[in-house]
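To start, the structure under review is shown below, and the notes come after it.
Every number here is computed from the coordinates shown, using simple stated rules; none is lab data. Remember, predicted model here, so these are calculated numbers, not experimental data. Don't worry about glycine lacking a Cβ; one is built from the backbone with ideal geometry, like all the others, and counts go over all protein chains shown.
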Amino acid sequence: MIKKILCPTDFSEGSLEAISFAGDIAVHAGAEIYLLHVIPIVPALVTDPSFTFTSPEMERSVSSEVQAELKTIAEPLVAKDLPARKFIGHGNAAPEIVRIADREQVDVIVIATYGKTGWRRLVLGSVAEKVVRLATCPVITVRARTRPAEDGRALKQQQVAS
């Protein structure tokens, strides 16, 4: 029985499609959606000696932006009467996703097969692939209908060209 669905998001179109897919499952199963964004740890290397933006200030700013984005993503789910909880993780995405899935005892993880990283997958590996290997619960991977533009152009432009 599925009661808790974890949906990691990097705010890409692919992850939004995965969340929509998870929402459909949640409607039928009466499940709760757990939205998660993992903020990577940024090394504190400052080359400008006059730099005054402190790490706690940056963390508060980024967390505030992420919280607002998660709230926006949750609104359509809540409109369907789906309970949606929001989480922010920190660190390496795949292990953090699995850690939170274990901590919250979710029944399934629904994750996009690719997100904003695109070309970096060849160098860094796929977060979804790592989650599939590390997770102790079932993982559903959702392939986005349209591939994100590697050079930053809007998806709409890519769809027109296809």
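Counting neighbouring beta carbons within 10 Å and listing from fewest to most, the residues LYS130, LYS4 come out as LYS130, LYS4. Neighbour counts of C-beta atoms inside 10 Å place GLU17, GLU59 in the sequence GLU59, GLU17, starting with the fewest.
Taking other Cβ atoms within 10 Å as a rough exposure proxy, PHE11, PHE87 sort from fewest to most as PHE11, PHE87. Stretching the chain fully between LEU134 and ILE2 yields a gain of 45.6 nm (0.36 nm per residue, less the alpha carbon separation). Between GLN105 and SER61, the FRET efficiency from the beta-carbon distance, with R0 = 41 Å, is close to 0.85.
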